[in-house]
Amino acid sequence: RPRVLSGIQPTADSFHFGNYLGALRQWVDLQQDHQPFFFIADLHAITVEQDPKVLRERTLRAAAQLLAMGIDPARSAIFVQSQVPEHAQLGWILNCLTGFGEARRMTQFKDKSAKQGEGAASVGLFTYPILQAADILLYRPHFVPVGEDQRQHLELTRDLAQRFNSRYKKTFRLPEPYILKATAKIGDLQVPTAKMSKSASSPNGIIELLDDPKVSAKKIRSAVTDSGTEIRYDVEEKPGISNLLTIYSALSGEPVPVLEEQYAGKGYGALKGDLADLVVTFVTPFRDKTLELLDDQAYLTAVLQKGAETAGGVAEATLRDVYQRVGFVAPA
Ligand code: TYM
């Protein structure tokens with residue numbers, strides 16, 4: 001079975017609809033006929049300052065959410081990045097293969113460091129995509145299910161894999177991004193041309209999976225649209241309506257053209273009201289399940305430990321090859 005790997009940062013109390021529709025839903029689906037590795041990227045999280053207590057809580061909340069949405073520990077290795085030390089170890093070697101200028105071109109670094117002022121950004125934030133390449137390459141996956149914002153990091157990953165393979169010996173598989181066009185970039189509800197984002201969106205622009213469902217319904221009903229009346233998918237002219245149609249279609253399984261027909265002649269209020277109901281129906285059981293899982297931390301940490309053992313076995317074997325090829329002396 002082809003391997004898949006992906007990760008998510010534990011940097012918020014809840015995942016949001018961008019995470020879910022852009023990536024996590026594909027994680028759940030791909031479990032069926034792939035060999036999956038899914039992890040919580042706590043090493044990446046500390047590239048910006050985190051409160052230790054909050055980070056630990058959010059990591060467990062992330063695990064609970066992944067299980068609640070259907071990641072099955074019997075099928076998937078689900079683990080915490082810091083529990084598999086090979087990520088950081090391979091990250092170092094890839095740092096040494098990456099050009100400074102090459103790392104500088106990463107647009108996420110440019111955006112995030114511009115916000116803090118470049119001098120204040122950590123070196124970890126700069127090498128963030130290189131650690132991400134290590135995360136991926138260690139498992140030699142075929143596919144990496146992510147949203148559009150990760151595409152550039154995957155290109156760097158492929159470049160580094162290629163470079164290592166040609167400098168030393170073929171070691172890494174060149175992974176393919178698995179990005180579903182329809183949901184690759186879920187928009188902010190208030191600024192629909194921008195992506196829904198835990199760091200950039202205002203609270204009203206983002207639907208959190210663990211929010212009170214009533215709050216989420218209200219956010220949908222107050223989403224920014226346009227001064228027209230027609231319900232039509234048109235990203236240029238109607239980014240707000242198009243974003244709502246995208247979310248509606250993804251949650252209901254109805255193709256966008258079917259929805260356009262269904263809402264022909266109806267007002268924006270009707271679309272928003274129905275979508276709000278759909279969101280409530282989705283998040284209510286999800287939230288209950290997550291809160292239930294969070295009550296049993298011993299279970300969560302045991303699942304994560306088992307995941308780290310499975311992942312660690314694969315990661316260790318890859319790193320051993322890498323060390324040997326780079327020219328490190330093996331311990332006796
Ligand atoms: P993160 O934690 O920011 O986001 C997790 C996943 O959610 C996707 N996503 C979106 N998709 C569509 N529309 C949106 N508005 C939206 N917002 C977020 C992201 O594309 C991502 O797939 N660098 C990664 C974490 C990571 C990783 C890895 C991923 C670390 N190592 C190795 C894959 C493989 C990140 O920050 O994702």
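The values are calculated or read from the model by the stated rules, or taken from the named source; none is laboratory data. Predicted, not measured: the structure shown is a model, and the values here were computed from it. Every residue, glycine as well, gets a Cβ built from its backbone with ideal geometry; the counts of neighbours run over all protein chains shown.
Details
- Filtered residues of segment 149-194 (kept if more than 30 Å from ALA217 (Cα to Cα), assigned to a helix (DSSP H, G or I) and hydroxyl-bearing (Ser, Thr, Tyr)): THR157, SER166
- Residue in segment 195-242 that is farthest from the chain's Cα centre (by Cα), counting only those that are basic (Lys, Arg) and more than 16 Å from the ligand (Cβ to nearest atom): ARG232
- Sub-8 Å Cβ pairs linking a first residue in segment 7-25 that is farther than 11 Å from ALA45 by Cα to a second residue that is within 7 Å of the ligand (Cβ to nearest atom) and among the small types (Gly, Ala, Ser), at least 6 apart or interchain, are GLY7/ALA41; GLY18/GLY147; GLY18/SER197; ASN19/GLY147; GLY22/GLY147; GLY22/ALA184; ALA23/SER6; ALA23/GLY147, ordered by first then second residue.
- When LYS112 is tested against (1) surrounded by 22 or more Cβ atoms within 10 Å (Cβ to Cβ); (2) modelled with pLDDT under 95, only condition (1) is not met.
- Restricting attention to segment 1-35 and to residues that are within 12 Å of the ligand (Cβ to nearest atom) and assigned to a strand (DSSP E or B), the residue that is farthest from the chain's Cα centre (by Cα) turns out to be VAL4.
- Enumeration of residues in segment 278-320 that are over 21 Å from the mean Cα position of the chain (by Cα), without any contact (Cβ under 8 Å) to a residue 40 or more places away in the chain and closer than 19 Å to ALA217 by Cα: LEU278, THR281, PRO285, ASP288
- Applying the criterion of being in contact (Cβ under 8 Å) with a residue 60 or more places away in the chain and among the hydrophobic types (A, V, I, L, M, F, W, C) to the residues of segment 148-171, the residue that is farthest from the ligand (Cβ to nearest atom) is PHE164.
- Out of LYS185, LYS219, LYS195, one residue alone is surrounded by 18 or more Cβ atoms within 10 Å (Cβ to Cβ), touching a helix residue (DSSP H, G or I) at 6+ places or on another chain (Cβ under 8 Å) and without any contact (Cβ under 8 Å) to a residue 40 or more places away in the chain. It is LYS219.
- The listed residue being touching a residue at least 24 places away in the same chain (Cβ under 8 Å), buried (at least 20 other Cβ atoms within 10 Å of the Cβ) and not in a helix (DSSP H, G or I), out of ILE78, ILE136, ILE130: ILE78
- Residue satisfying condition, being under 10 Å from the mean Cα position of the chain (by Cα), more than 16 Å from PHE282 (Cβ to Cβ) and touching a residue at least 24 places away in the same chain (Cβ under 8 Å), within set ALA41, ALA45: ALA41
The rows are residues; the columns are (1) touching a Gly at 6+ places or on another chain (Cβ under 9 Å); (2) aromatic (Phe, Trp, Tyr); (3) more than 30 Å from ALA317 (Cα to Cα); (4) part of a helix (DSSP H, G or I).
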| residue | (1), (2), (3), (4) |
| --- | --- |
| SER82 | no, no, no, yes |
| GLN89 | no, no, no, yes |
| LEU94 | no, no, no, yes |
| LEU97 | no, no, no, no |
| ALA103 | no, no, no, yes |
| LYS110 | no, no, yes, yes |
| LYS115 | no, no, yes, yes |
| GLY119 | no, no, yes, yes |
| GLY124 | no, no, no, yes |
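- Residue within segment 91-99 that is in contact with a strand residue (DSSP E or B) (Cβ under 6 Å, 6 or more places away or on another chain) and crowded, with 21+ Cβ neighbours inside 10 Å present: no
- Residue in segment 36-58 that is farthest from THR183 (Cα to Cα), counting only those that are part of a helix (DSSP H, G or I) and within 12 Å of the ligand (Cβ to nearest atom): LEU43
- Scanning segment 97-106 for any residue that is under 28 Å from GLN65 (Cβ atoms), under 17 Å from the mean Cα position of the chain (by Cα) and either within 15 Å of the ligand (Cβ to nearest atom) or modelled with pLDDT of 95 or more (or both) turns up nothing.
- Taking segment 115-141 as the range and being modelled with pLDDT under 90 and polar (S, T, N, Q) as the test, only GLN116 passes.
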